[in-house]
Amino acid sequence: MARDQLHIARDDETSFAATGAYAIARYAGDNSVVAVRAQRRIDRAQFQRDVASLMARLPPHKYVLNLCTDRYRFMVGFAAALCRQQVSLLPPSDAPGVLKALATEYPDLYALTDTVIPPLSSMVYPDNLGEEGAVTDLPALPGNQPALVLFTSGSTGHPKSVPKSWGTLVRSALAAGNRLGIQSIGGATVIGTVPHQHSYGLESTIFLGLQHGLIIDAGRPLYPGDVRATIEAAPHPRILVTTPVHIRALVAEPGGMPQVDLILSATAPLPVELATQAEACFRAPLVEIYGCTEAGQVATRRTVQEPHWHCLDGVALRRDESGTWASGPSVQGTVLLHDVIEPTGPATFLLGGRSADLVDVAGKRTSLAHLNHVLLGIAGVKDGVFFMPEPDGKNVARLMALVVAPGLGSETISRTLRERLDAAFLPRPLVVVDDLPRDALGKLPREALLQLIACGRRTQ
């Protein structure tokens, strides 16, 4: 798309019906604030100038690896690439080996970066894009245009690619915003502790903000002090997008946290007790989002009020012998969910844990989620995880556990587990480590866990 074509009329559902296109962003006027970066407010006019300027500088490739750590630069890069009909790749890791493998699989690939230069053809995001190229509006693009290739986290095995069209991404953001009642907190600032290169962070910070006219904070605060400072710097209303791992750390802060207007949590089911603590800490409702990389956002629940999940409008679930399938306008195709779903109504269900999390030992069944809950309930345990290795065809697979528990030994932890679990589910081995190799979303890649177990066995 040429630079002077960046002026299609503002989009809404009516214009989509007429043109088959969706706008990149929906803000009321050129003075509407799109983002806050380093305490500077960036309006819609500046955002569209930045998109046009960067768009003219992008190299002519089919795929772009958007590695920008600054959330505003990432969204400008994504929008510019989309206008150039370039597909953005978002791998689960920026490790050199992962990026080299990606460049082999997608040879017409370059990286857009604002930090470290990766081991492939790259463009550095310019520090100054200039003020030229003012445009009258943001573009609308075909809903069937390929937009992204996401990759699963690898927590249950080898990451797999998941392509998404532009229309699927927009419809998902619109459905989520409608369910969350975003219209009642219009103009809210979205603050995320999660990375925007992963599906949850991408959907709940970037796309939720752009499609509902919210202000997107460009930073990504991780530590409690940074989260507190970022929230305090933003006016009400404020939305915090985070995860159970981060929530556990935030509610434990002695000084408490500033009030927000809405908390979003995803990546793992949140215990009711922790959700209650979070609502008290931030004086705001907490809503969990259920979904996965393949299906996107599927359902929500107000955790402190009920255990039932409510499907987003348009999302349909279907069960067969393989499991539960999700489909609808906000889902790319028909997707098999990885979790045990128990329908409780036409569009409601209970979540029974991941299908891969079910453990059957000597005819006795439980789930890894339950075992982890028991492990984390031991006094002095800061973090921990049970997991089951893949059978090797020679030996019977046995449950294993890694535990972060300063001052506690493995025997003490094992003794406590014997009091709380059936002996069939005791981990062999249980290895105490300094920390767990969690990624930015709090997930644990299987290969990293196996390496820690192997190292722990050698040192015991």
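The values are calculated or read from the model by the stated rules, or taken from the named source; none is laboratory data. These numbers were taken from a predicted model, which means no experiment stands behind them. For neighbour counting, all protein chains shown are included, and Cβ atoms are generated from backbone atoms with ideal geometry for every residue, glycine included.
Out of the residues in the range 158-189 that are modelled with pLDDT of 95 or more and basic (Lys, Arg), which is nearest to the chain's Cα centre (by Cα)?
Taking the candidates together, the pick is Lys164.
For the range 28-43, name all the residues that are outside any strand (DSSP E or B) and within 21 Å of Thr69 (Cα to Cα). I'd like the intermediate steps shown before the answer.
First, the residues of the range 28-43 that are outside any strand (DSSP E or B): 28-32, 38-39.
Result: Ala38, Gln39.
Could you pull out every one of the helices (runs of 4 or more DSSP H) wholly within the range 199-302 that has 3 or more residues that are free of Cβ contacts under 8 Å to residues at least 40 places away in the same chain, over 29 Å from Thr152 (Cα atoms) and of a type outside the set (A, V, I, L, M)? It would help to see each step written out before you state the result.
Working: elements: 208-211, 224-233, 244-251, 272-282.
It comes to 224-233, 272-282.
Condition check ((1) outside the structural domain of Leu222 (by TED's automatic domain parsing); (2) touching a residue at least 12 places away in the same chain (Cβ under 8 Å); (3) surrounded by 23 or more Cβ atoms within 10 Å (Cβ to Cβ); (4) under 25 Å from the mean Cα position of the chain (by Cα)) across all residues:
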{"site": "Asp43", "(1), (2), (3), (4)": "no, yes, no, no"}
{"site": "Phe78", "(1), (2), (3), (4)": "no, yes, yes, yes"}
{"site": "Val98", "(1), (2), (3), (4)": "no, no, no, yes"}
{"site": "Asp108", "(1), (2), (3), (4)": "no, yes, no, no"}
{"site": "Thr115", "(1), (2), (3), (4)": "no, yes, no, yes"}
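Identify all residues within the range 256-281 that are among the hydrophobic types (A, V, I, L, M, F, W, C) and out of contact with any Phe, Trp or Tyr (no Cβ under 8 Å at 6 or more places or on another chain); write none if there are none.
Of the residues in the range 256-281, the ones among the hydrophobic types (A, V, I, L, M, F, W, C) are 257, 260, 262-264, 266, 268, 270, 272, 274-275, 278, 280-281.
Leu262, Leu264, Ala268, Leu270, Val272, Leu274, Ala275, Ala278, Ala280, Cys281 - these are the residues of the range 256-281 that are among the hydrophobic types (A, V, I, L, M, F, W, C) and out of contact with any Phe, Trp or Tyr (no Cβ under 8 Å at 6 or more places or on another chain).
I'm trying to understand the selection: among the residues of the range 44-64, which are assigned to a strand (DSSP E or B) and touching a helix residue (DSSP H, G or I) at 6+ places or on another chain (Cβ under 7 Å)? Steps first, answer last, please.
Step one: filter the range 44-64 for residues assigned to a strand (DSSP E or B), giving 63-64.
The answer is Val64, and nothing else.
Could you list all residues from the range 74-114 that are within 20 Å of Trp166 (Cβ to Cβ) and of a type in the set (Lys, Arg)?
Within the range 74-114, Arg84 is the sole residue that qualifies.
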